[in-house]
1. Restricting attention to the stretch 49-65, report how many residues are surrounded by 13 or more Cβ atoms within 10 Å (Cβ to Cβ) and at pLDDT below 75.
2. Tell me, which helices (runs of 4 or more DSSP H) wholly within the stretch 73-191 include 1 or more residues that are β-branched (Val, Ile, Thr) and modelled with pLDDT under 80?
Amino acid sequence: MIESISSAGVAFLLIFLAEFGDKSQLVCMTLAARHRPWPVLMGAVLAFAVLNLLAVSFGAAVAHWLPEHWIALAVALLFGFFGIQSLRMEDDEEEAVANPLSARGLFITAFMMIFMAEFGDKTQLAVAGLGTTSFPVAVWIGATLALVATSALGVVAGRTLLQRLPVLWLHRGGGVLFLLMAVFALYQGLSGFFSLA
């Protein structure tokens with residue numbers, strides 16, 4: 001039980017920091033600025049729930065077929081790459097968001113925009129990686145709650161928060177957290193190799 005809560009907490013923190021100020025949150029901000037916020041939020045929630053379910057299912061399936069130390073090394077490389085990428089991000093690299101199409105079908109519009117923007121994104125790959133080494137259901141819950149939280153912040157108060165707290169700091173915090181997770185996964189992977197020797 002404690003390990004499940006810990007896995008959910010790690011997934012929440014990692015994904016929240018990685019996704020705050022990212023394109024999906026900016027999509028939510030843009031749509032909610034012009035339309036009713038609830039359909040935007042519900043579309044985003046459903047998109048993230050489906051994406052995270054796909055990611056942890058893939059991660060859990062891979063975990064059954066590959067030795068644990070190989071998975072840990074792959075996760076270490078993945079998280080290391082994302083950590084370095086987040087630390088290298090500059091202020092002028094924030095992605096622009098397209099204007100929303102129309103108010104009609106806003107739920108479907110929000111769902112499709114978020115789903116397409118996040119499919120194969122670093123956060124989905126991170127969720128898949130966490131799903132290989134932790135409890136998949138706990139990772140799904142933590143990651144989905146994190147993405148719901150960032151979407152809600154984008155819908156309700158995103159612009160105010162972004163004016164007071166630079167997005168660059170959040171990306172740097174996410175980068176450090178990715179690197180810490182990479183070091184931990186590398187330790188697990190190398191421990192598996194040495195135990196085989």
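The values are calculated or read from the model by the stated rules, or taken from the named source; none is laboratory data. For clarity, every value in this text was computed on a predicted model and none was experimentally measured. All Cβ positions, glycine included, derive from the backbone under ideal geometry; neighbour counts span all protein chains shown.
1. Here is the first cut: in the stretch 49-65, the residues surrounded by 13 or more Cβ atoms within 10 Å (Cβ to Cβ) are 49-63.
From what is left, the residues that are at pLDDT below 75 are 59-63.
Of the residues in that region, 5 qualify.
2. Numbers: elements: 106-118, 122-133, 136-156, 158-164.
Where helices (runs of 4 or more DSSP H) fall fully within the stretch 73-191 and carry at least 1 residues being β-branched (Val, Ile, Thr) and modelled with pLDDT under 80, they are 122-133, 136-156, 158-164.
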